[in-house]
Amino acid sequence: MRRLWTVVMLAGLPAALTSCAPRVPLTEVRSFTYVLQNYPGGRLDAVARAPHQLAIVDLSRDGTTTGYFSAKEVAKVRDSGKTVLAYFEIGSIERFRTEARTLPADLRLNRWLDWPEEHFVRYWDSRWWDLVLRPRVDQALRAGFDGVYLDTPLAYEEIHLDRVPGETRASLARRMNELIIKISRYAKKVRPGFLVVPQNSPELRLQPGYVEAIDGIGMEELFFRATGRPCTTGWCAENLAHALALRRLGKAVLATDYATRPADVAAACARYRRHGIAGNVTVVDLDRVSPLCTAAKEGA
């Protein structure tokens, strides 16, 4: 999920890339918060104060390359004991991103109807890697993030095939898998132990090399769709089955559901505990620190 940004420009400050604070291994994380915009004062203070074990934040405070969070800012969150993942997209480009201004026109494909300010891209093109993705991974490494949280692997399902002659859904899935593997190998060569967590499209686990390349998967709307609608369609069950298969293979599952009614929040939290996965129930704007899951009946 993405939203338009409130632009707040702050100068980056140099800082160390490491922290001595103890961190829970990714597979043992049970609570996290997911905040992509409207950071108060353009700062990560609220995220640092949050009681969660892990935080997902955007690579940039405002969507621009000049607004990247600095190593000092990331270290402050890590000093609280949290694992911190840097969010960015790998299969699409949002209009507000700095890179969108100079992206070659032929790399853009169809508009994403759910997000009209966003276009899917030729993510397999070497220029996408050179101009956008490699610089983002480099920035995440430079700023001391523990890993990356990669959105829009689902691009392979949404690209209009008439825009990419010769491609099929199967070939686009292979290309997305190859991109995730490329990101993982590149980052882990620089920093062994760097975490790679794609969001959604858990069926990519069936692609060769995918499971070995990732440390976990982020899942949206496993139990409640935006907002507060029980996820009961066929793809909901399929996504859960794939996610739990990855869990059995030793991968972390970070589940985000969108609900506000206390009963729905409690039901989602109970399901996270039942399945042994990390959970986060929040609002669709992803503009605030979410509350920790509270106790609920396990049969909910």
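The values are calculated or read from the model by the stated rules, or taken from the named source; none is laboratory data. Note that the coordinates shown come from a computational prediction; the quantities given were computed from them, not determined experimentally. Quick reminder, even Gly has a Cβ in these numbers, built from the backbone with ideal geometry, and neighbours come from all protein chains shown. We work out accessible area using only protein heavy atoms, side chains counted, and drop any ligands, DNA or RNA first. Shrake-Rupley method; radii C 1.70, N 1.55, O 1.52, S 1.80 Å.
Scan region 42-56 for residues that are assigned to a loop (DSSP other than H, G, I, E, B), of a type outside the set (D, E, K, R) and open to solvent by 20 Å² or more (accessible area, probe 1.4 Å) and jot them down. Walk me through it before giving the result.
Residues of region 42-56 that are assigned to a loop (DSSP other than H, G, I, E, B), as a first pass: 43-44, 50-53.
Next, only the ones that are of a type outside the set (D, E, K, R) stay: 44, 50-53.
51, 53 - these are the residues of region 42-56 that are assigned to a loop (DSSP other than H, G, I, E, B), of a type outside the set (D, E, K, R) and open to solvent by 20 Å² or more (accessible area, probe 1.4 Å).
Quick check: anything in region 88-98 under 18 Å from residue 174 (Cα atoms) and over 20 Å from the mean Cα position of the chain (by Cα)?
No, every residue in region 88-98 fails to be under 18 Å from residue 174 (Cα atoms) and over 20 Å from the mean Cα position of the chain (by Cα).
Take the residues in region 243-287 that are within 14 Å of residue 35 (Cα to Cα) and hydroxyl-bearing (Ser, Thr, Tyr); name whichever of them is surrounded by the fewest Cβ atoms within 10 Å (Cβ to Cβ).
282
I'm told residue 230 meets every condition in (1) touching a Phe, Trp or Tyr at 6+ places or on another chain (Cβ under 8 Å); (2) open to solvent by less than 60 Å² (accessible area, probe 1.4 Å) except one. Can you identify the failing condition by its number?
Going through the list (1) touching a Phe, Trp or Tyr at 6+ places or on another chain (Cβ under 8 Å); (2) open to solvent by less than 60 Å² (accessible area, probe 1.4 Å), residue 230 breaks only (2).
Name every residue in region 239-260 that is of a type in the set (A, V, I, L, M, F, W, C), free of Cβ contacts under 8 Å to residues at least 40 places away in the same chain and touching a Leu at 6+ places or on another chain (Cβ under 7 Å), in order of residue number.
Matches in region 239-260: 240, 253, 255.
Scan the strands (runs of 3 or more DSSP E) fully inside region 57-134 and keep the ones with 2 or more residues being over 18 Å from residue 194 (Cα atoms) and open to solvent by 10 Å² or more (accessible area, probe 1.4 Å). Show your work before the answer.
Details: elements: 83-89, 92-94, 108-112, 115-121.
Here the list reads 108-112, 115-121.
Can you work out which of the residues in region 3-28 that are under 16 Å from residue 87 (Cβ atoms) and of a type in the set (A, V, I, L, M, F, W, C) is modelled with the highest pLDDT?
Applying the filter and picking the extreme gives 26.
With the condition kept exactly as written, say whether any residue in region 139-153 is within 17 Å of the chain's Cα centre (by Cα), over 30 Å from residue 76 (Cβ atoms) and either of a type in the set (D, E, K, R) or open to solvent by 20 Å² or more (accessible area, probe 1.4 Å) (or both).
Checking region 139-153: not a single residue is within 17 Å of the chain's Cα centre (by Cα), over 30 Å from residue 76 (Cβ atoms) and either of a type in the set (D, E, K, R) or open to solvent by 20 Å² or more (accessible area, probe 1.4 Å) (or both).
List the pairs whose first member sits in region 188-213 and is more than 30 Å from residue 235 (Cα to Cα) and surrounded by fewer than 23 Cβ atoms within 10 Å (Cβ to Cβ), whose second member is among the β-branched types (Val, Ile, Thr) and at pLDDT 95 or above, and whose Cβ atoms are under 8 Å apart, counting only residues at least 6 apart or on separate chains?
Listed pairs, sorted by first residue: 188/196; 194/148.
I need the strands (runs of 3 or more DSSP E) fully contained in region 144-254, keeping only those with at least 1 residues that are closer than 18 Å to residue 132 by Cβ and in contact with a helix residue (DSSP H, G or I) (Cβ under 6 Å, 6 or more places away or on another chain).
147-151, 195-198
Test residue 171 against the stated conditions and say whether it is among the hydroxyl-bearing types (Ser, Thr, Tyr), at pLDDT 95 or above and surrounded by fewer than 18 Cβ atoms within 10 Å (Cβ to Cβ).
Considered against the rule, which asks whether it is among the hydroxyl-bearing types (Ser, Thr, Tyr), at pLDDT 95 or above and surrounded by fewer than 18 Cβ atoms within 10 Å (Cβ to Cβ), residue 171 comes out as yes.
Could you please tell me which pairs satisfy a Cβ distance under 6 Å, a separation of 6+ or placement on different chains, a first residue in region 220-238 that is under 16 Å from residue 202 (Cα atoms), and a second residue that is at pLDDT below 95 and in a strand (DSSP E or B)?
Hits for this filter: zero, empty list.
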